Amino acid sequence: MRVAYETWGALAPDGSNAVLVLHALTGDSHVTGPAGDGHRTAGWWEAMVGPGRPIDTDRYFVVAPNVLGGCQGTTGPASSAPDGAPWGGRFPRVTPRDQVAVEIELARTLDISSWHLVVGASMGGHRVLEWAILGPENGVEVEAIATVVTCAQSTGDQIAWAHSQIGAIRADPRFRGGDYYDAADDDGPHVGLAIARQIAHTTYRTAQELDTRFGRLPQGGEDPFTDGRYAVQSYLDHHGDKLARRFDANSYLRLTESMITHDLGRDRGGVDAALGTITARALVVAVDSDRLFRPAESARIAAGVPRAEPLVVLESEFGHDGFLIEFDQLGPLVTTFLTELREDARL
C-alpha cells in the first residue's frame, strides 16, 4: 500500500498540534502551495491553510493525504497489482471506512497518536466522520472535527446523480471495462469522464448562478441554432475537458462509488446512534444554496454529535462549491473554533 501525502509546519514535541485535512472527490494532497511537479495548479484550499491563515502552519502540523483509490500518488486503479499489470477494472470497491483505515496507518507511521483537528468538505467530510469513530477505536484520538457541506449518510438524490456519472464513464467505448492503461494518450475514456464531470459540476453550482451568469447567451462567435453552443454549454465543456486532462476515469468511478456507499450508521445501529458515539468537539458548516449536500444533512450531524457547535449555514450563490469560494465566511469560523480549542486546553 502506498500513500501520497504532504505536510506543513512542525509537529510539537508532545504531538498536540496535528491537523488532518481531507480532500473532496477530485482533490489531492496539495492543499496549499504553488503549482509544481505533480500539481498543475496551486493548492485547492490556499486561503484556508498556510502561515497566518485560519489553519496556521506556523502553529499547526498539517497533514493532507491523497485518498485510497485516487490517482495522485496513493494506491488506486492505475497502480500495479501483484501480477505487475495495472489494477484497472480489477481494483476493488472501497468505502470511506477502508479509506480511513489506510489513513490511520499513515498516522501511526508519522507517530501521531492524536489529531487536534480533522477537517474535510464534501467527500472529505465523509472521512472526517468515520475518523471520529474509527480513530479512537484504533488508538488515534480525535480531539475535534470540522465538517463542511457533507452528510452522515448518502441520500437518494446523491446516489441518483452519481449513477448518471458512473454510467457516462462505463458507456464510453474507450473505457474497456477499466482496462485502458495501455492505450495511447488520446485513446482513453476522456469523453465519458468529461460528461461525468459536467453532470457533477451542474450539481456543484446553483440554478440562480447559471441563470444570472449565463442565461440563454450564446457562446461568443457561435450560433446555437446552427450547431453552436450556449455559453453555459461551453462552460460545462471547459470543466469537463479540464478534469479529463488531469484525472483518471477509474479513480473517478471508484471514488464516486465510495461516496454512495457512505453510511456512518452501517453496523452501528443507525446514523443517529453512530453520531451519538462521537466524543470529539465538532464544527458543522453547510451552504444555504447547496443542492447536492443540503443543509438538512449537516443539521442532522450538528444535532446528533453530542459536543457539536450549533449548525452554521453560509450564505452563497455558488452552492456546493461555496466551500472553495466563501473563504471570507468560512475562514473566521475555523479560526474561532481553533482558538476556542486552544483556550479550553489551557483551562
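The values are calculated or read from the model by the stated rules, or taken from the named source; none is laboratory data. Being a predicted model, the structure only gives us computed values, none of them experimental. So basically every Cβ, Gly included, is an ideal-geometry build from the backbone, and we count neighbours across all protein chains shown.
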Breaking point among (1) buried (at least 17 other Cβ atoms within 10 Å of the Cβ); (2) under 25 Å from Val31 (Cα atoms), for Ala302: (2)
Test set (1) assigned to a helix (DSSP H, G or I); (2) of a type in the set (Ser, Thr, Tyr); (3) crowded, with 18+ Cβ neighbours inside 10 Å - Thr212 fails condition number: (3)
Of residues in the stretch 1-20 being over 16 Å from Trp131 (Cβ atoms) and not in a loop (DSSP other than H, G, I, E, B), the one farthest from the chain's Cα centre (by Cα): Trp8
Determine the pairs where a residue that is touching a residue at least 40 places away in the same chain (Cβ under 8 Å) and under 10 Å from Arg205 (Cβ atoms), located within the stretch 310-329, has a partner that is assigned to a strand (DSSP E or B) and β-branched (Val, Ile, Thr) with Cβ atoms under 8 Å apart, the partner being 6 or more residues away or on another chain. Phe318/Val287; Gly319/Val287; His320/Val287; Gly322/Val287
Looking at Gly27, Gly69, Gly33, can you tell me which residue is over 23 Å from Ala152 (Cα atoms) and either within 17 Å of the chain's Cα centre (by Cα) or not in a helix (DSSP H, G or I) (or both)? Gly33
Which of the residues belonging to the stretch 129-150 are among the charged types (D, E, K, R) and assigned to a strand (DSSP E or B)? Glu141
Flag for Val62 being part of a strand (DSSP E or B), in the same structural domain as His116 (by TED's automatic domain parsing) and at pLDDT 95 or above: yes
Residues of the stretch 88-120 classified as in a loop (DSSP other than H, G, I, E, B) and in contact (Cβ under 8 Å) with a residue 12 or more places away in the chain, total: 9
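How about the stretch 300-323: which of its residues are of a type in the set (D, E, K, R), farther than 21 Å from Phe337 by Cα and part of a loop (DSSP other than H, G, I, E, B)? Please lay out each step first, then the result.
Residues of the stretch 300-323 that are of a type in the set (D, E, K, R), as a first pass: 300, 307, 309, 315, 317, 321.
When the remaining residues are screened for being farther than 21 Å from Phe337 by Cα, the result is 317, 321.
Passing the criteria: only Glu317.
For the stretch 180-192, which residues satisfy the criterion of being under 21 Å from Ala85 (Cβ atoms) and assigned to a helix (DSSP H, G or I)?
Once the filter is applied, which keeps residues that are under 21 Å from Ala85 (Cβ atoms) and assigned to a helix (DSSP H, G or I), the stretch 180-192 yields Asp185, Asp187.
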Let me spell it out: the conditions are (1) touching a His at 6+ places or on another chain (Cβ under 9 Å); (2) at pLDDT 95 or above, and Ala42 meets all of them except one. Which number is the exception? (2)
Matching entry among Leu110, Leu117, Leu134 (being under 18 Å from Leu22 (Cβ atoms) and either surrounded by 20 or more Cβ atoms within 10 Å (Cβ to Cβ) or modelled with pLDDT under 95 (or both)): Leu117
Every residue in the stretch 240-293 that is charged (D, E, K, R), assigned to a loop (DSSP other than H, G, I, E, B) and either surrounded by fewer than 23 Cβ atoms within 10 Å (Cβ to Cβ) or outside the structural domain of Glu137 (by TED's automatic domain parsing) (or both), please. Asp248, Arg266, Asp267, Arg268, Asp288, Arg291
Leading residue by the ranking (surrounded by the most Cβ atoms within 10 Å (Cβ to Cβ)) among those in the stretch 17-61 that are among the polar types (S, T, N, Q) and in contact with a strand residue (DSSP E or B) (Cβ under 6 Å, 6 or more places away or on another chain): Ser29
Of the residues that sit in the stretch 62-90 and are out of contact with any helix residue (DSSP H, G or I) (no Cβ under 6 Å at 6 or more places or on another chain), closer than 23 Å to His126 by Cα and of a type in the set (A, V, I, L, M, F, W, C), which one is surrounded by the fewest Cβ atoms within 10 Å (Cβ to Cβ)? Val62
Flagged in the stretch 171-212 as charged (D, E, K, R) and either under 16 Å from His320 (Cβ atoms) or assigned by TED's automatic domain parsing to the domain that holds Thr150 (or both), in numbering order, are Arg197, Arg205, Glu209
Mind checking which residues of the stretch 314-341 are β-branched (Val, Ile, Thr), out of contact with any strand residue (DSSP E or B) (no Cβ under 8 Å at 6 or more places or on another chain) and either outside the structural domain of Trp115 (by TED's automatic domain parsing) or buried (at least 16 other Cβ atoms within 10 Å of the Cβ) (or both)? Ile325
Out of (1) closer than 17 Å to Val128 by Cα; (2) in a loop (DSSP other than H, G, I, E, B), what's the single condition that is false for Glu297? (2)
